[in-house]
Amino acid sequence: MALFLANKRILLGVTGSIAAYKSPEIVRRLRESGAVVRVAMTENAQRFITPLTMQAVSGYPVHQELFDLQAEAAMGHIELARWADVVLVAPATADFMARLANGNADDLLTTVCLATKAPLMIAPAMNQGMWQHVLTQENLQILQRKRIQVVGPSEGSQACGDIGPGRMIEPVEILEKLSGLFAHGGMAGLRVLVTAGPTHEAIDPVRFISNGSSGKMGYALAEAAHEAGAIVTLISGPVVIREPEQIECVHVITANEMYDAVMRKIIDCDIFLAVAAVGDYRSKTIAKQKIHKDQAAMLLELERNPDIVGSVGKLSPKPFIVGFAAETENLLEQAEAKRKRKNMDMIVANRVDTKVGMGTDDNEVMVLGEKRVSLPLMPKQKLARELIMMIASAYQAKQ
Ligand code: PMT
């Protein structure tokens, strides 16, 4: 697998786990891939492996102390935080995860992690019981919500004799994940917000108005953007597909909830992908009890839901906006009109029938923006990767 690590500045944090014996191999492999590596070690890491070893493999003095006058005079902790293109902590202990999740800055490594603007990736390593403990799992969720990439752990026999999850993933896998942050997809480090799936607009406690969106297209795009190195947040309506790993997911039911979730997350977002089939209307009243069919006909009064992408289009500055249009007739005219009306940079037009569009595994689209490009019938995952490449280059061209 090609690695995109040449000339990248990697700060490797090493914490106190037996897996620290693999840290020199990580450094060696990173340097072989052309990266420049500096190492910061916690006090406990130094019980497992010496700073001298890490200095020898990295070619730079190792950063150990927060209050070290000599080190601060050479490259201080803030300078180190600014220097890094990415901070990788491998191995990351349960204690380190807890301190980071808590926002502690009680040693050099946690201070740098808080001070840096670079993406943060951690490779946990610990006893299986510690990993599965509810507190570690809660810390994990906090870190993932804060967009810290957590890679691994893997399962297997452990140094302590236990068998289970908690082993640090192999250096070669860590490098592949790290390289993903700099992948040629042009989305490295970009913040991407994706809406997916339908919304449910309640009529009574057991009924709702909705549509046939499965969420497959939106989820595939979220995963493809993540693969291309983006920091992705997925806002999903009610779907039955599995939450993608490593992606922050916010679950909503109604269009109003989706609107609120988008507006909370849109600040700092570089690209907004509006893939959701949002309900345009909701029932004006929601019956408290189940409505019984004692009338021959019934009238339902509907009112408009907020237009999410339309509202994002009015922001200043606004992110790069890619909308979708699912149509049964006049596909291109309808889509182009929506693109202009909602101030989108691009719109992906898909026909809806039994084989393509909504609820299906495959899709066939026409992309309307600066150029018009048609993408033939293919699985939604493959299509998503192609779309992400196109969106990334259109975004870069606009900068
Ligand atoms: O989920 P799947 O089964 O994989 O199906 C994928 C899909 C067909 C749902 C998807 O590819 C798609 O086309 N999504 C858009 C559906 C649509 O027709 O939306 P629209 O024409 O109602 O809206 C146009 C755009 O405005 C969309 O980007 C939509 O997300 C957005 N919108 C619409 C209404 C609203 N209140 N707020 C919005 O943001």
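Among 284-297, 98-111, 34-47, sorting by the average number of other beta carbon atoms lying within 10 angstrom of each residue, highest first, gives 34-47, 98-111, 284-297.
Prolate is the label for the range 83-240. Its Cα gyration tensor axes, ordered a ≥ b ≥ c, give a/c of at least 1.5 and a/b above b/c.
Classify the chain from the C-alpha gyration tensor, please: rounded if a/c falls under 1.5, else prolate or oblate depending on whether a/b exceeds b/c. Intermediate results must be reported in sequence, preceding the final value.
Numbers: a/c = 2.42, a/b = 1.88, b/c = 1.29.
It comes out prolate by the Cα gyration axes.
Comparing Cα centroids, the range 297-323 and the range 245-291 end up 10 angstrom apart.
Taking every protein chain into account, the accessible area of the chain amounts to 50 square angstrom per residue (probe 1.4 Å).
Using Cα pairs under 8 angstrom and six or more residues apart, how large is the relative contact order of the range 313-399, in percent? All intermediate terms of the calculation are to be shown ahead of the outcome.
Working: 128 pairs, mean separation 18.3, N = 87.
RCO, the range 313-399: 21 percent.
Listed peptides 204-210, 158-164, 168-174 appear in the order 168-174, 204-210, 158-164 once ranked by packing, highest mean of other Cβ atoms within 10 Å at the front.
Tally up the carbon and sulfur contribution to the accessible surface of the range 74-151 as a whole percent, 1.4 Å probe, everything protein left in place.
Numbers: 1610 of 3170 Å².
Answer for the range 74-151 is 51 percent, counting heavy atoms of protein chains only.
Each label was represented as a point 7 Å from its Cα along the Cα-to-Cβ direction; for LYS318 and GLU245 these points are 3.8 nm apart.
Shown in residue order for the range 155-170 are the 3J(HN,Hα) couplings computed by the Karplus curve 6.51 cos²θ - 1.76 cosθ + 1.60 at θ = phi - 60°: 9, x, 7, 10, 4, 7, x, 6, 10, x, x, x, 6, 5, 5, 5 Hz (x for Gly and Pro).
Karplus-derived 3J(HN,Hα) values for the range 364-376, using 6.51 cos²θ - 1.76 cosθ + 1.60 with θ = phi - 60°, are 9, 9, 10, 9, 10, x, 4, 10, 10, 10, 9, 10, x Hz; glycine and proline are entered as x. Residues whose amide H lies under 5 Å from that of ILE321, counting only those 5 or more places away or on a different chain, are PHE272, ASP345, MET346; hydrogens are built 1.01 Å from N in the peptide plane.
By average Cβ neighbour count within 10 Å, what is the ranking of 376-382, 240-246 from highest down? Provide the component values of the computation, followed by the final result.
On the way: 376-382: 14.3, 240-246: 12.0.
Per-residue Cβ counts within 10 Å, averaged per peptide and sorted highest first, yield 376-382, 240-246.
Provide the gained length on full extension for the span LEU299 to GLN137, in nm with one decimal, where the gain is 0.36 nm per separating residue minus the Cα-Cα distance. The partial results should precede the final answer.
Details: separation 162, 0.36 × 162 = 58.32 nm, distance 4.88 nm.
Residue separation times 0.36 nm, minus the Cα-Cα distance, leaves 53.4 nm.
Around the amide H of ALA277, modelled in the peptide plane, lie the amide H atoms of GLY197, all under 5 Å away and 5 or more residues distant in sequence or on another chain.
The values are calculated or read from the model by the stated rules, or taken from the named source; none is laboratory data. Please read these numbers as outputs of a predicted model, since none were measured by experiment. Glycine gets a Cβ as well: all are built from the backbone with ideal geometry, and neighbour counts include every protein chain shown. Please note that ligands, DNA and RNA were not included when accessible areas were found on the heavy atoms of the full protein model with its side chains. Shrake-Rupley method; radii C 1.70, N 1.55, O 1.52, S 1.80 Å.
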